[in-house]
Amino acid sequence: GPFDAILCNPPYLSRSSFLDQASRMYEPALALFAEHKHSAYVSVRDALAACAESERPLLSNAGYLYLEVAAGQADDVATLMTTMSGGGSTASKVEGGSRGHCHGRRLVEIERDSHGTPRCVVLARAST
């Protein structure tokens, strides 16, 4: 049956992103970079579109979707995920990082990491 929570850590870095040496040594590129040669995604937006499409049949009506994002991406990801339909279609950026809901998802909150950096976008069905 449907899940009450889905935790997702999609590849959210572009190849041009700064990454410390330790992360490059221990994290597989496929897990970090959306445009990795063995990935089905050509961009971070494509990875999020796949997540949006995949969560629909898996998330219960009262469920929450948690997305880990890179530093500086939380507002844009929140906007994208609340304006993107589940069919993998994309939407243009909404100025100001909208906190509304559309296409079945609403932003619940953006969680900060231990350093105070916004790193986790929490979404729910618009009806909850």
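Whether any residue in region 19-38 is at pLDDT 70 or above, more than 17 Å from Leu107 (Cβ to Cβ), part of a loop (DSSP other than H, G, I, E, B) and touching a helix residue (DSSP H, G or I) at 6+ places or on another chain (Cβ under 8 Å) is what I want to check.
Scanning region 19-38, I find at least one residue that is at pLDDT 70 or above, more than 17 Å from Leu107 (Cβ to Cβ), part of a loop (DSSP other than H, G, I, E, B) and touching a helix residue (DSSP H, G or I) at 6+ places or on another chain (Cβ under 8 Å), so the answer is yes.
Taking the condition in contact with a His (Cβ under 9 Å, 6 or more places away or on another chain), at pLDDT 90 or above, farther than 23 Å from Phe18 by Cβ and not in a loop (DSSP other than H, G, I, E, B), does Leu107 pass? Give the derivation first.
Details: in contact with a His (Cβ under 9 Å, 6 or more places away or on another chain): yes; at pLDDT 90 or above: yes; farther than 23 Å from Phe18 by Cβ: yes; not in a loop (DSSP other than H, G, I, E, B): yes.
Yes.
Among (1) open to solvent by less than 50 Å² (accessible area, probe 1.4 Å); (2) at pLDDT below 90, where does His101 come up short?
(1)
The values are calculated or read from the model by the stated rules, or taken from the named source; none is laboratory data. If you're wondering where the values come from, they're calculated on a predicted model, not measured in any experiment. Note that each Cβ is placed from the backbone with ideal geometry, even for glycine, and that neighbours are counted across all protein chains shown. Just so you know, the surface numbers come from the protein's heavy atoms only, side chains and all, with ligands and any DNA or RNA stripped out. Shrake-Rupley method; radii C 1.70, N 1.55, O 1.52, S 1.80 Å.
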